[in-house]
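Enquirer: Below: one structure in structure tokens.
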Amino acid sequence: MNVRSSIALLCLAVTATFGTMIAAPAVKLLAVAFPDTDALLVQWVVTLSSLFILPSLFMAGYLSRRFPRKNILIAGLLLYLLGGVGPALSDSLSVIFVFRAVLGLGVGLISPTFNSLIAENFQGKERARMNGFVTAINGIGGAVFLSIGGMIAAFGWRAVFITYLYAVILLILVVLFLPAFPPVRHEQDAKASRKLPPFFYAVVIAGGTHTMLYFLIPTNLSLYLADNGIGTVSTVGYLSALSLIGTFAAGTALTVMARLLGRLMVPLALLLMSLGFSSHSYGSRGVDGSRSSMPDRLCRRGAFSGYVQ
């Protein structure tokens, strides 16, 4: 695979994490824009897309045996664009949920396809390096775009969803630089599936649990900050971006860390994650040590009501 194709493939990495997180700065604004809707339901604007990734993940193997992988990526990016930008054109929270579900379907087509292409086209140290680049791009790409999203949030919740137009650039890269990649032969796919050890399923369950824990942050961060009177609507984007800068640093050093730490790398990562969650818990205490009010006080505070559009 040439350099341009590799770059185009790597750029797709941001769709998995960034696709759901970019809506985080809009949660607070949506809670104000739809005051009759429970705040916990509004949080589903972030979570729903993750839930709808699953159906297309189950279809990924079937589609990869029947269609060129480039076509699958293009279809996924089109769904990603529709589901990402669509909420900006809607005045109904129910319709916004539908668009977020479409976004999840798009991510579910893109993510396994580009991961399988990396696995097929890179081996050994090159594959480890590419996986490190994927993590790094998730971090730096998310940090840049979420910082921009934090600033754009000052113009209203619709502006947050318009930032999904960045996927047009990804679509152009895929169309121009990625080869077709023929469908996977059924015999190879079946043979590969028979070789999966039982430990693989344990890793899948653990990875899924880890992802669910991580997405507690973008799902709750907006209302958490508003509940505690911390910052502005832009702060959500900035803090999310700050966490992804750490992801960029870890991804860049992934190959070296894996060689030095070996099996200790995963426990160390989980320890750091638990320390991060523990530090967040202290932010919800006031100077007198008491807990702050619940998110249903958002509208009464009206701190960001002037930004609602």
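Enquirer: Please compute the modelled spin-label separation between R66 and L51, points set 7 Å along Cα→Cβ, answer in nm with one decimal.
Expert: Rounded to a tenth, the inter-label distance reads 2.7 nm.
Enquirer: Given the Cα-Cα distance of I148 and V98 and 0.36 nm per residue of separation, how much length would full extension add, in nm?
Expert: Values: separation 50, 0.36 × 50 = 18.00 nm, distance 2.50 nm.
Stretched fully, the I148-V98 segment lengthens by 15.5 nm.
Enquirer: Could you give the nm distance between label points at D91 and M273, where each point is 7 Å from its Cα heading toward the beta carbon?
Expert: 4.3 nm
Enquirer: Let me ask something else. For the residue pair R127 and V203, what label-to-label distance in nm results when each label sits 7 Å from Cα along the Cα-to-beta-carbon direction?
Expert: So the two model labels end up 0.9 nm from each other.
Enquirer: With every protein chain in place, what's the accessible area of F155 (1.4 Å probe, Å², nearest 10)?
Expert: The accessible area comes out at roughly 130 Å².
The values are calculated or read from the model by the stated rules, or taken from the named source; none is laboratory data. None of the values given here were measured: they were computed from a predicted structure. Ideal geometry is used to build each Cβ from the backbone, glycine not excepted, and the neighbour counts take in all protein chains shown. Surface areas here come from the heavy atoms of the whole protein model, side chains and all, with no ligands, DNA or RNA. Shrake-Rupley method; radii C 1.70, N 1.55, O 1.52, S 1.80 Å.
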